[in-house]
Amino acid sequence: MKVCSSLADLGHNVRLWTLGSDPGMEWDVIAKHYGVGKQFTMKWIADLPWPRGWWYSLRAVRAARRWRADLYYVWPYQAAALASRMGLPTLLELHDRPQGRMGPILFRRFLLGGGARRVVITTEALLDWVREFYDGLLDPPSTIVAPNGVDLERYRNLPDPEQARQLLDLPDQLTAGYTGHLYRGRGLDLMLELASSYPEVNFLWVGGEQEAVDRWRARIEELGLENVQLLGFLPNEELPMVQASCDVLLMPYEQQIQVSSGGDTAAYASPMKVFEYLAAGRAIIASDLPVIREILNDSNSMLLPPDDAAAWIGALRT
């Protein structure tokens with residue numbers, strides 16, 4: 001959504017073909033939900049139980065070709081392989097290694113296809129992996145590393161933490177925050193350990209699907225922790241102010257980071273919260289992982305071993 005909005009903001013005529021049925025929402029509702037500005041056209045493709053990825057990709061690529069698109073900006077490997085096979089100018093954005101049985105095959109077909117091809121990769125670590133396993137197929141001038149980012153305008157003129165907490169009606173006390181999904185590998189158990197060690201600090205968790213929020217809320221109640229506040233999912237538009245309400249922002253990724261697909265992206269991910277935290281201008285304590293060090297360093301954050309709880313407890317004390 002943000003890529004499409006940013007491209008539209010640059011003056012391009014953008015259409016997004018997405019899977020599902022039109023929810024009938026006004027643009028201002030969509031913009032608030034995703035935290036985007038410039039409007040673009042959205043087209044919906046009805047879902048089928050199987051083969052979902054192929055059906056969606058085929059319909060989307062054909063629709064874009066009928067529209068006479070000049071560039072096909074895609075994420076699904078099926079869409080990349082199909083567009084490349086049709087000789088269409090295609091840009092594939094790569095966030096992780098090709099997964100499963102078909103992922104590597106489709107990626108190779110994309111690289112060997114016709115038409116102009118570009119690959120945008122979000123981390124140097126992922127580029128190194130792709131070069132190792134697809135040596136000779138990548139055209140270096142056509143492959144770039146472009147990390148994730150944020151719209152800095154949304155983070156301008158934020159209030160200080162005390163003022164932000166007052167505006168959001170949050171407890172007026174030192175606040176450590178985490179924003180993001182509640183998947184395994186996000187260091188949530190470590191944050192509970194921190195909360196137990198610092199009852200005077202309010203730990204603010206923002207994000208997660210309702211089932212996960214309910215599960216962690218029950219866990220927190222079992223532990224008797226009264227200083228962990230779960231806000232659940234919030235529209236993306238509200239994140240800058242919530243992050244501004246924190247004195248310190250936490251990113252305790254573990255050695256394995258689960259994403260929505262269930263895969264592990266610890267070695268290759270470009271977490272959006274890295275850039276959001278930096279834009280918020282608050283102190284950052286993060287796990288010391290090689291891919292995180294592509295952006296964070298000892299001058300803009302405190303980097304700690306993800307499995308050393310004592311180090312995290314000591315860092316928060318400082």
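The values are calculated or read from the model by the stated rules, or taken from the named source; none is laboratory data. This structure is a prediction, so every number in the text was calculated from the model and none was measured. Cβ atoms come from the backbone with ideal geometry, glycine included; neighbour counts cover every protein chain shown.
Among the numbered criteria (1) within 30 Å of GLN99 (Cα to Cα); (2) surrounded by 15 or more Cβ atoms within 10 Å (Cβ to Cβ), which one does ILE285 miss?
Status for ILE285: all satisfied but (1).
Any idea which residue in region 4-24 is modelled with the highest pLDDT, counting only those that are over 13 Å from GLN39 (Cα atoms) and hydrophobic (A, V, I, L, M, F, W, C)?
TRP17
Within region 7-31, track down each residue that is on the phi > 0 side of the Ramachandran plot and surrounded by 10 or more Cβ atoms within 10 Å (Cβ to Cβ). Give the derivation first.
If we filter region 7-31 for residues that are on the phi > 0 side of the Ramachandran plot, which is where we start, we get 11, 20, 24.
Matches in region 7-31: GLY20 only.
Every residue in region 1-22 that is among the hydroxyl-bearing types (Ser, Thr, Tyr) and more than 17 Å from ALA60 (Cβ to Cβ), please. So that I can check it myself, show each step before the final result.
Kept after step one, since they are among the hydroxyl-bearing types (Ser, Thr, Tyr), are these residues of region 1-22: 5-6, 18, 21.
Answer for region 1-22, where residues must be among the hydroxyl-bearing types (Ser, Thr, Tyr) and more than 17 Å from ALA60 (Cβ to Cβ): SER5, SER6.
Among the residues of region 296-318, write down those that are surrounded by 14 or more Cβ atoms within 10 Å (Cβ to Cβ), modelled with pLDDT under 95 and not in a helix (DSSP H, G or I).
PRO306
Does ARG85 satisfy being over 24 Å from LYS2 (Cβ atoms), surrounded by fewer than 17 Cβ atoms within 10 Å (Cβ to Cβ) and either touching a strand residue (DSSP E or B) at 6+ places or on another chain (Cβ under 9 Å) or assigned by TED's automatic domain parsing to the domain that holds TYR268 (or both)?
Here the answer is no, as ARG85 does not meet what is asked.
If you go through region 227-245, how many residues are part of a helix (DSSP H, G or I) and of a type in the set (Gly, Ala, Ser)?
Final tally of qualifying residues: 1.
Looking at region 200-211, can you tell me whether even one residue there is surrounded by fewer than 14 Cβ atoms within 10 Å (Cβ to Cβ), free of Cβ contacts under 8 Å to residues at least 24 places away in the same chain and closer than 30 Å to GLU153 by Cα?
Yes, because at least one residue in region 200-211 is surrounded by fewer than 14 Cβ atoms within 10 Å (Cβ to Cβ), free of Cβ contacts under 8 Å to residues at least 24 places away in the same chain and closer than 30 Å to GLU153 by Cα.
Quick one: which residue in ARG186, ARG219 is outside the structural domain of ALA31 (by TED's automatic domain parsing), of a type in the set (Lys, Arg) and loosely packed, with under 15 Cβ neighbours inside 10 Å?
Details: ARG186 fails: loosely packed, with under 15 Cβ neighbours inside 10 Å.
Just one listed residue meets the conditions, ARG219.
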